[in-house]
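Please read the structure below before turning to the comments.
The values are calculated or read from the model by the stated rules, or taken from the named source; none is laboratory data. Remember, it's a predicted structure, so these values are computed and weren't measured experimentally. For neighbour counting, all protein chains shown are included, and Cβ atoms are generated from backbone atoms with ideal geometry for every residue, glycine included.
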Amino acid sequence: MLFEDFFQALTSPSLRAVVAHWGAARGARAMPSWQQLSPARMARQLPIIWVYKYDAAGSHFTGRLAGDVITRGFAKSFRGTRLEDLHPATTLPTVHAYMTRVVREPSLYMCRGVLFRQADRTGSGERIMLPLAGDGVHGDGVLGASDYHYPVANADYAPIELLTEGEQWHSLAPGIAAAA
């Protein structure tokens, strides 16, 4: 799947805006760095965005930020919080494996359908994960966004269990040209 196909597959206007900005920020590089992204260019999408730093040596993810909509569901700030302190043990291996694939392969990820479950309630929509790289080549972070429909996310109700319905992957392996 080409970058344009990935972009066209998204139905959420908010996620399309995030992907368009990511593509423009990377230019001719395989991936943009965190510093190349402009929060002002994604101001409307910031409430649904979440970002992690990746430590390749320890294979750890640490939160950089999460928008209001995302933070409300977890009832905790992502900033400086390790991935394992945000996700229950039942889904942590899957979340970690997916984010690792995004940064190490590197690849673009999207899913559509039921995105998460919280006890007996589910939230539906679309989720994306895009790699970040300080040097443009070696993944060192994940920019994610989740645009979903859910009555009220309340972390006191139950832990959020991420689901991966309707997934699509797009490899950014070396040699694939950047989007124009």
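Within the option set VAL18, VAL51, being in contact with a Lys or Arg (Cβ under 8 Å, 6 or more places away or on another chain) and among the β-branched types (Val, Ile, Thr) holds for one residue only, VAL51.
For every residue, the table says whether it meets (1) surrounded by fewer than 22 Cβ atoms within 10 Å (Cβ to Cβ); (2) on the phi > 0 side of the Ramachandran plot.
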position: THR62; (1), (2): yes, no
position: ALA75; (1), (2): yes, yes
position: HIS96; (1), (2): yes, no
position: LEU115; (1), (2): no, no
position: ARG127; (1), (2): no, no
position: GLY134; (1), (2): yes, no
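For GLY139, the criteria (1) in a strand (DSSP E or B); (2) at pLDDT 85 or above hold in every case but one, which is (1). The sole residue among ARG104, ARG112, ARG121 that is charged (D, E, K, R), in contact (Cβ under 8 Å) with a residue 24 or more places away in the chain and farther than 24 Å from SER14 by Cα is ARG104. Filtered by the rule that a residue be crowded, with 21+ Cβ neighbours inside 10 Å and either of a type in the set (Phe, Trp, Tyr) or in a strand (DSSP E or B) (or both), region 33-50 gives ILE49, TRP50. Might you let me know whether region 84-94 holds any residue that is buried (at least 18 other Cβ atoms within 10 Å of the Cβ) and outside any loop (DSSP other than H, G, I, E, B)? No: zero hits.
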